[in-house]
1. Any idea which of (1) at pLDDT below 85; (2) over 25 Å from the mean Cα position of the chain (by Cα); (3) over 22 Å from R370 (Cβ atoms) is the one L17 doesn't satisfy?
2. Limited to segment 260-297, what total is found for residues that are farther than 28 Å from V196 by Cβ and in contact with a helix residue (DSSP H, G or I) (Cβ under 6 Å, 6 or more places away or on another chain)?
3. Pairs, please: C-beta under 9 Å, at least 6 apart or cross-chain, first residue surrounded by 16 or more Cβ atoms within 10 Å (Cβ to Cβ) and assigned to a loop (DSSP other than H, G, I, E, B) and in segment 133-152, second among the charged types (D, E, K, R) and modelled with pLDDT of 95 or more?
4. Has segment 109-132 got at least one residue that is within 20 Å of A58 (Cβ to Cβ), among the β-branched types (V, I, T) and part of a loop (DSSP other than H, G, I, E, B)?
5. Going residue by residue through segment 427-445, is there one that turns out to be in the same structural domain as Y251 (by TED's automatic domain parsing), surrounded by fewer than 17 Cβ atoms within 10 Å (Cβ to Cβ) and not in a helix (DSSP H, G or I)?
6. Would you confirm, using the coordinates I've provided, whether Q99 is surrounded by fewer than 21 Cβ atoms within 10 Å (Cβ to Cβ) and outside any helix (DSSP H, G or I)?
7. Restricted to segment 318-348, and to residues that are aliphatic (A, V, I, L, M) and within 30 Å of L362 (Cβ to Cβ), which residue is surrounded by the most Cβ atoms within 10 Å (Cβ to Cβ)?
Amino acid sequence: MTGPIHRPSAVTRRSFLSRAGALAVAVPAAGALAACAQSTQLGVTGDGEQNADAFTAANIDWRAEKGTTLVLGAEQHPWITAVRPYLAQFQKLTGITVQIQVSGEDQYVAKMPITLAGKSGTPDVYMVWSYGQAVESGWLEPLDGYLADPALTDAAWYDQADVFTTARDYVRRVDGSTYGVAITAEAQVTFYRRDVVTDPATLADFDGFHDAARRAGESGKTASGVALRGKPTADAIAWPAAGYVFSYGGYLVDPGGGLALDSPQAAAGVQKYADIVKAACPKGVSTWSWLEITTAMQQGQVAMLQDSSNASIDLRDTKKSRFPDLIRAAAFPAHDGVSKPNIFHWIMGINARSKHKRAAWLFLLWATSRPGAAQIAASGGTPPRVSAWQDPRFRASFGADAADAALATLLQADSRPITLAWMHPQWPRIGDAFARAVNSVFTSDRSAQSALDEARRTLKGVL
């Protein structure tokens, strides 16, 4: 898998996952940018659209690559939905046309390694499904030179300090090099129905959360207490279960680069996750992923959902959720006063074999800049910028309590545990072994330590 992942719009990132398909869209030609206009509105639709001055204030030659056509490769995702209304704006600003090639998640993850390994120059810029693999395979253009070149990047205008530290660390390799730019942000939080869980203070630690989930299932108001992912794959249960491992002081891959998923701390975290699943999750959850757990919460089958902050939009959707006004969010629980929820950032990068690298950089700069992030956030995206998450329009649509819970996490989160694992070139194998181990603990009578010991044996020679 690529991530938890995770990401809202009117339809969230994950709600797209059940709809595989492919399509290509070319942005229609647009008129030239008026050279002397003040505060010229550049765009099409989009309530949060920024005016021309927000971009032309940058000391950047936006027209340097005019006439270029870029191919953007992506999976079906709310970030793509959110950026699409502003692509005509980008074309007016730069003279660059963007063609989007979108595939369902399964198709995208399967075809992109084949495409890039075949030394194709397109897509020019693309969503990176496995950062470690893409860097090690030579499929991504190094970006440090672009960031440091004043002719290509106005550092003061771009304002890296506004980007979450976790997002900057997420794309920074061990040697300090950067090959991608984060485009989204999400964090592990707890959602609950306030008519069932009346004292959210009980959710502050894992034992309290465990007890609250059990009592919610016995309340008579819902069939079960909580929905957690159970599907035994790296793109499903691994992400939420890892938040338990990290909070209990464990790693999946330790700072020295060694396999650590069988440590006592990791086993304690996994055991707690499995115990909660056994005590308070619906039957059949062992095959559930994002779509199933959000649907269960929307339909009122459970009183709580613990997963990505991006669930907020789906759970508060009045057309999909039975109890949108009763949904509230709380911070991820702590163990012995330590809470290390998982986080996730989708990454976008430039194809190392693209013939239009500078044009691709202008696109990344535009889309991830402060004004670019503001308009994407207003259209349902979750950009990795503090200013976007603090914007009143974003908070109103996302849910102020969910935004607060996620923002607090993203500002303080330790990104090392997830980057050490998820950015590892062998993550797909490590993630699947870990996922199978976690699933086996609540589908059998084995202990977490036994399951993780076996997972380590299956990974012998990987690290």
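1. Here L17 meets the rest and fails (2).
2. Going through segment 260-297 one residue at a time, the tally reaches 4.
3. W139/R353; E141/R353; E141/K357; L152/D61; L152/R358
4. Filtering segment 109-132 down to residues within 20 Å of A58 (Cβ to Cβ) leaves 125.
Restricting the remaining residues to those that are among the β-branched types (V, I, T) gives 125.
Now drop any that are not part of a loop (DSSP other than H, G, I, E, B), which leaves none.
No; the residues of segment 109-132 include none that is within 20 Å of A58 (Cβ to Cβ), among the β-branched types (V, I, T) and part of a loop (DSSP other than H, G, I, E, B).
5. Within segment 427-445, one or more residues are in the same structural domain as Y251 (by TED's automatic domain parsing), surrounded by fewer than 17 Cβ atoms within 10 Å (Cβ to Cβ) and not in a helix (DSSP H, G or I).
6. On the way: surrounded by fewer than 21 Cβ atoms within 10 Å (Cβ to Cβ): yes; outside any helix (DSSP H, G or I): yes.
When the stated conditions are applied, Q99 passes them.
7. Here is the first cut: in segment 318-348, the ones aliphatic (A, V, I, L, M) are 326-327, 329-331, 334, 338, 343, 347-348.
Filter once more, so that each one left must be within 30 Å of L362 (Cβ to Cβ): 343, 347-348.
On the way: I343: 31, I347: 25, M348: 23.
Here the residue is I343.
Listed here are the residues, each with its yes/no results for (1) more than 29 Å from the chain's Cα centre (by Cα); (2) in a loop (DSSP other than H, G, I, E, B); (3) at pLDDT 50 or above; (4) among the aliphatic types (A, V, I, L, M).
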| position | (1), (2), (3), (4) |
| --- | --- |
| A37 | yes, yes, no, yes |
| T45 | no, yes, no, no |
| G48 | no, yes, yes, no |
| D53 | yes, no, yes, no |
| A64 | yes, yes, yes, yes |
| L72 | no, no, yes, yes |
| V83 | no, no, yes, yes |
| Y86 | no, no, yes, no |
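The values are calculated or read from the model by the stated rules, or taken from the named source; none is laboratory data. Everything quoted here is computed from the prediction, not taken from an experiment. Every residue, glycine as well, gets a Cβ built from its backbone with ideal geometry; the counts of neighbours run over all protein chains shown.
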